[in-house]
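Before any comments, here is the structure.
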Amino acid sequence: MDAKEIINLEANYVLQTYVRPEIVFTHGEGAALFDSTGRRYLDFSSGIAVTALGHSDAQWVSAVCDQAGKLVHISNLYHTVPHAQLAQRLVENSFANKVYFCNSGAEANEAAFKFARKFAREISGNGKKTRIVAFSGGFHGRTMGSLAATYKAHYREPFEPLMPGVVFAPFNDVKAAVKVIDDDVCAVIVEPVQGEGGVRPARAEFLQALRSLCDDHQALLIFDEVQCGLGRTGTLWAHEVLEVTPDIMTLAKPLAGGLPIGATLVTQEVADVMQPGDHASTFAAGPLVCAAALVVFDRLNGPQFLANVRAQAEYLKERLNTLRSDLIVEVRSAGLLVGIEMRTPVAPLIAAAREKGLLVINAGENVLRLAPPLIISPEEIDLAVSILQDVLDTM
């Protein structure tokens, strides 16, 4: 079947919740994707910050193929080796004492909310301590609980009523946080670096204030590192450099290199309130997915790997600062997660870049988002910036 036939097939049978360009990708290698005509594209989207090791990484492929020939799924009714080993890796390299596995970032946040509500019920002795504080620009998922904590009204309003009890405050505004975080709050959820919200890093003093407020009101602080965690900022966890520790942290996107996984990391104090049967997932942390995640985690957690991420992030920042266009308002970055705010909608720019062989995505209507694989090279950065300048020149 040619590309047109595949696109027509998709249109006839797939629910149209995405607007896709008329390209059919068939394979990838490193930071490159190839379509059905053989054309090569430089991938600066990484499947929305997922394929951290690039496409078709040899070690990842070997681990997946080996595990697929042994055991793929048995459900969470039984033990497997990769499941236990991945949990050990995550706990021993973070603040956490326990981890709950699921299948996506939205599920990880749903679990975090359930754990926080149960924790609050245990310490308060009643069901009144239920409010959750989220922030402007925040994105936490599309399921009914995670969507309730997602700021953009366009995402929420068609599906209301959602999970009750969520209140929003301005991001990076300490005074506003003080006004909404009180004894009725069970949890505060925040991205150390907002992704969908335009690549906006949280200020250290803001997160420190949230930590203090949560301590004062016996609320749990949740860091959503679904997009910004696991090496993307040049450290294993985005919050490391901010010297603030959460009670719960959620992970997903890059953890299994493209296979579906999510994780909710918790302190022992939170873990102690959860009992068998309180939460569950049929597919979570199967041996195939965990075998893939072990490869990804061990690579991302390597000191040399992270040092190279920081080096390439600095080089990308330098090169982007050479872009010349009156359309650019600001370039924001946190490691290899970059937002270029424009004076106009970025959809035409994304389409024009794609025509020239560069894949980039948006983070809101006016922000161009770059999230290349963490194995990106200086030469590939040069090519990407050159294409962006060409596109800006023609806009």
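Please work out the FRET efficiency for the pair Arg20 and Tyr315, using the Cβ-Cβ distance as r and a Förster radius of 35 Å; give the result to the nearest 0.05.
E(calc), rounded to 0.05, equals 0.65.
Taking GluC sites (Glu not before Pro) that fall in a DSSP loop and have at most 11 other Cβ atoms within 10 Å as cut points, what is the longest piece of the chain between them?
In the chain, the maximal stretch lacking such sites is 23-242.
Per residue Cα convex hull volume for the stretch 71-300, in cubic angstrom? Write out the running numbers ahead of the final one.
On the way: hull volume 27.0 nm³, N = 230.
So the per-residue Cα hull volume is 118 Å³.
Starting with the fewest neighbours, write out Lys114, Lys129, Lys179 ranked by other beta-carbon atoms found within 10 Å of each beta-carbon. Working shown, then result.
Numbers: Lys114 16, Lys129 23, Lys179 9.
Fewest-to-most Cβ neighbours within 10 Å comes out as Lys179, Lys114, Lys129.
Quick one: Karplus J couplings for the stretch 171-178, per residue in order, coefficients 6.51, -1.76, 1.60, θ = phi - 60°, nearest Hz, x for Gly and Pro?
Going residue by residue, I get 5, 6, 10, 5, 4, 5, 5, 4 Hz, with x marking Gly and Pro.
Among Ala49, Gly364, Asn97, pick out the residue whose Cα is farthest towards the positive end of the charge dipole of the chain, where Lys and Arg carry +1 and Asp and Glu carry -1 on C-beta, about the Cα centre.
Among Ala49, Gly364, Asn97, the one farthest towards the positive end of the dipole of the chain is Asn97.
Please give the charge dipole size of the chain, origin at the Cα centre, charges +1 on K and R Cβ atoms and -1 on D and E Cβ atoms. Round to the nearest 20 debye.
My answer is approximately 380 debye.
Obtain the nm distance between the two label points defined at Ala3 and Asp173 by a simple spin-label model: each point lies 7 Å from its Cα along the Cα-to-C-beta direction.
Once both label points are built, they end up 4.6 nm from each other.
For the stretch 71-300, what is the charge dipole size about the Cα centre, in debye to the nearest 20, if Lys and Arg each add +1 at the Cβ and Asp and Glu each add -1 at the Cβ?
On the way: 20 positive and 24 negative charges, 81 e Å.
With Lys and Arg at +1 and Asp and Glu at -1, about 380 debye.
Considering only C-alpha atoms, what is the centroid distance from the stretch 250-296 to the stretch 1-64, in Å?
If you average the Cα positions of each part, the centres end up 26 Å apart.
Roughly how many Å is it from the Cα centre of the stretch 126-189 to that of the stretch 351-372, as a whole number?
29 Å
Express the relative contact order of the chain as a whole percentage, based on alpha carbon pairs under 8 Å and six or more residues apart in sequence.
Relative CO of the chain lands at 22 percent.
Arrange the following residues from fewest to most other Cβ atoms within 10 Å of their Cβ: Arg200, Arg131, Arg354.
Final ranking by Cβ density, sparse to dense: Arg354, Arg131, Arg200.
For the residue pair Val241 and Gln389, what label-to-label distance in nm results when each label sits 7 Å from Cα along the Cα-to-beta-carbon direction?
Taking the two extended label points, one gets 2.6 nm.
Order these peptides, 248-254, 372-378, 345-351, 295-301, by their mean beta-carbon neighbour count within 10 angstrom, highest first. Provide the component values of the computation, followed by the final result.
Working: 248-254: 28.1, 372-378: 21.6, 345-351: 16.1, 295-301: 19.4.
Top of the packing list down: 248-254, 372-378, 295-301, 345-351.
Using 0.36 nm per residue of separation minus the Cα-Cα distance, give me the extension gain between Asp382 and Arg121 in nm, one decimal.
Full extension from Asp382 to Arg121 adds 88.6 nm.
Out of residues 5 or more away from Ala187 or on other chains, whose amide H comes under 5 Å of its own, with H placed 1.01 Å from N in the peptide plane?
It is Val133, Leu220, by chain and number.
Would you mind working out the magnitude of the charge dipole of the stretch 282-365 relative to its Cα centre, with +1 at each Lys and Arg C-beta and -1 at each Asp and Glu C-beta, to the nearest 20 Debye?
140 debye
So what does log10 I(q)/I(0) come out to for the chain at q = 0.06, 0.09, 0.11, 0.12 Å⁻¹, using the Debye formula with one equal point on every Cα and no solvent?
Reported log10 I(q)/I(0), two decimals: -0.24, -0.54, -0.82, -0.98.
Coordinate-derived values only; no laboratory data. In this text, all values refer to a predicted model and were calculated from it rather than measured experimentally. Methodologically, a virtual Cβ is constructed for each residue, glycine included, from the backbone with ideal geometry; neighbour enumeration extends over all protein chains shown.
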